[in-house]
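Read-outs: derived from the displayed coordinates by stated rules, not from any lab. Predicted, not measured: the structure shown is a model, and the values here were computed from it. Glycine gets a Cβ as well: all are built from the backbone with ideal geometry, and neighbour counts include every protein chain shown.
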Amino acid sequence: MQKVENRKVSSGVDPIENIAWRSLAETYKMVYSYIMSDLRQYGLTPPQYTVLRVIGTSRSRKLTMSEIGKEMTVTFANITTIVDNLEKLQYVKRLRDPNDRRLVKVELTSSGSKLYNKISGSHRKEVAKLMKALDKEELQTLIDYTEAIKKNTSLLVTSSKVNEQKSLPRETSKNS
């Protein structure tokens, strides 16, 4: 694999962390655009396809919104909008849980299942084309690196939330 020279900026050389970040962000943008063009022929966005995939590969074939959300990189409000749009397209339907009416599960309709089955094979092939730039060992290294970044980010987010809680003013009782 070819190494990239440090990119110059007006004030000197960017730190390697910034170069790596930009490279990761630019790569994501290009890959997303490529995948988007592949899915567009089916009238779907990548998040819509992800919802179909998450439900289509689940054991029960019915998932709550929070179960879908655990597999996605969008907010709960966005998941609701994505499911609303898929429901308008008649690819999914919402079902109330008979044992707990507060729970709403989402399942693929027959046309949603057909579409998912049609897309999944060609989508995997398109992703495989993208990943051909790396051999198996490099792919595993990429996975290891991105997992390390995710883990570190998760720790930073958790630490940040703890610090936010510590900095909030505490309520005092009226008797003190």
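List of remarks:
- The range 54-75-the range 95-133 distance, computed between alpha-carbon centres (Å): 9
- Computing FRET efficiency as 1/(1 + (r/R0)^6) for residue 94 and residue 40, where r is the C-beta to C-beta distance and R0 is 30 Å, gives about 0.70.
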